[in-house]
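The values are calculated or read from the model by the stated rules, or taken from the named source; none is laboratory data. Bear in mind the structure is a predicted one, so any value in this text is a computation, not a measurement. Here the Cβ is made from the backbone with ideal geometry for all residues, glycine too, and neighbour counts use every protein chain on show. SASA here: full protein model, heavy atoms, side chains in, ligands and nucleic acids out. Shrake-Rupley method; radii C 1.70, N 1.55, O 1.52, S 1.80 Å.
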Amino acid sequence: MYEWLNNLPKAELHLHLEGSLEPELMFRLAERNKIALPWKDVDTLRQAYAFNNLQEFLDLYYRGADVLRTEQDFYDLTWAYLQKCEEQDVVHTEPFFDPQTHTDRGVPFEAVLNGISAALADGRELLGISSGLILSFLRHLPEEEAFKTLEQALPYRNAFFAVGLDSSEVGHPPSKFQRVFDKARAEGLLTVAHAGEEGPPEYIWQALDLLKVSRIDHGVRAAEDPKLIARLIEEQIPLTVCPLSNTKLKVFSDMRQHNILDLLEQGVKVTVNSDDPAYFGGYVTENFMALHDSLGMTEEQARRLAQNSLDARLAY
Ligand code: HPA
Ligand code: ZN
């Protein structure tokens with residue numbers, strides 16, 4: 001079944017490049033940049049990958065991202081991810097990057113964007129993988145900081161096609177970012193947002209009505225609100241669901257509790273994605289495999305999920 005799922009052509013629509021930083025590459029970059037890591041080796045680091053919630057994960061994820069310093073580092077990170085895409089028949093990807101995670105540490109915005117963009121261009125040319133980049137704002141920071149990031153990015157307007165919203169969800173509703181998303185849309189950018197991962201269905205309503213998003217990232221808590229589910233079906237708004245992430249961060253206690261196939265059968269346009277594959281135990285194929293192993297996903301359901309991911313692409 002693994003091979004069959006692996007060979008199914010698919011798109012990945014929810015992937016944080018910083019979350020694809022494998023422990024081996026983290027140690028290699030730490031050495032290259034002469035940075036001391038608090039873990040003695042790759043195995044010790046992997047053992048630290050046990051989380052009770054989103055925040056515990058984010059604390060480690062931002063700590064790991066500290067090894068990313070140069071344009072070459074961002075190239076290497078992105079290229080390693082694209083090679084995984086090739087292995088898993090991911091024919092199209094729309095990754096996120098978090099500029100504030102890097103510029104707040106003194107890394108130039110240009111180093112981040114140029115390294116990522118060069119790798120995506122090589123991915124197109126050498127691997128035949130199409131892509132579009134999403135600039136994501138950190139929602140735990142003030143909206144003013146997001147405005148500054150957008151201003152910094154606008155000279156490179158053609159290097160990304162959308163803005164997103166990630167990091168600590170609860171207490172940071174989409175409404176906090178309404179003005180900066182208005183500005184992004186006025187510049188012709190599309191919008192997406194993480195909502196309904198740990199946050200309530202209300203945050204999904206806000207993402208739709210205030211941020212005018214084209215997709216919801218995660219969105220699994222929509223299931224608590226029948227009116228919202230009806231709207232998602234009616235408007236065929238895609239959800240970029242990340243099953244392994246949701247179990248690692250205890251959004252669901254167990255994969256057998258996951259609601260993605262229920263949502264699929266109700267007619268919600270759900271897709272399968274890896275979120276932060278280096279931290280959550282696998283890339284897209286492993287996420288599909290988990291649905292097969294724990295939820296009895298059929299081949300027909302897998303085909304529909306893969307087709308949904310291709311249909312929900314926003315960048316060409
Ligand atoms: N949720 C919010 N922020 C994130 C995530 C996530 O799953 N991954 C990386 N940043
Ligand atoms: Zn995410």
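Here are the numbers:
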| item | result |
| --- | --- |
| Spans of strands (runs of 3 or more DSSP E) in the range 87-169 with at least 3 residues surrounded by 24 or more Cβ atoms within 10 Å (Cβ to Cβ) and modelled with pLDDT of 95 or more | 134-138, 162-166 |
| Residues being among the polar types (S, T, N, Q) and more than 16 Å from ligand 1 (Cβ to nearest atom) - total across the range 207-259 | 5 |
| Options 269, 227, 248: the member that is without any contact (Cβ under 8 Å) to a residue 12 or more places away in the chain and of a type outside the set (Gly, Ala, Ser) | 227 |
| Residue satisfying condition, being among the aliphatic types (A, V, I, L, M), more than 23 Å from residue 82 (Cα to Cα) and touching a Ser or Thr at 6+ places or on another chain (Cβ under 6 Å), within set 232, 211 | 211 |
| Residues of the range 146-171 satisfying the condition of being more than 17 Å from residue 94 (Cα to Cα) and within 16 Å of ligand 1 (Cβ to nearest atom) | 146, 149, 167, 168, 169, 170, 171 |
| Spans of helices (runs of 4 or more DSSP H) in the range 178-263 with at least 3 residues closer than 30 Å to residue 293 by Cβ, more than 16 Å from the chain's Cα centre (by Cα) and not hydroxyl-bearing (Ser, Thr, Tyr) | 226-234 |
| Scope the range 82-124; condition in contact with a Pro (Cβ under 7 Å, 6 or more places away or on another chain) and under 30 Å from residue 3 (Cα atoms); matching residues | 89, 91 |
| Whichever residue in the range 216-263 is closer than 20 Å to residue 278 by Cα and more than 16 Å from ligand 2 (Cβ to nearest atom) and, among such residues, is most open to solvent (accessible area, probe 1.4 Å) | 254 |
| Counted residues, the range 34-55 - those being in contact (Cβ under 8 Å) with a residue 24 or more places away in the chain and away from ligand 1 (no atom under 11 Å from the Cβ) | 5 |
| Qualifying residue in the range 35-53 (condition: of a type in the set (S, T, N, Q) and over 18 Å from residue 281 (Cα atoms)) | no |
| Top-ranked residue in the range 40-78 [being buried (at least 19 other Cβ atoms within 10 Å of the Cβ) and aromatic (Phe, Trp, Tyr); ranked as nearest to residue 122 (Cα to Cα)] | 75 |
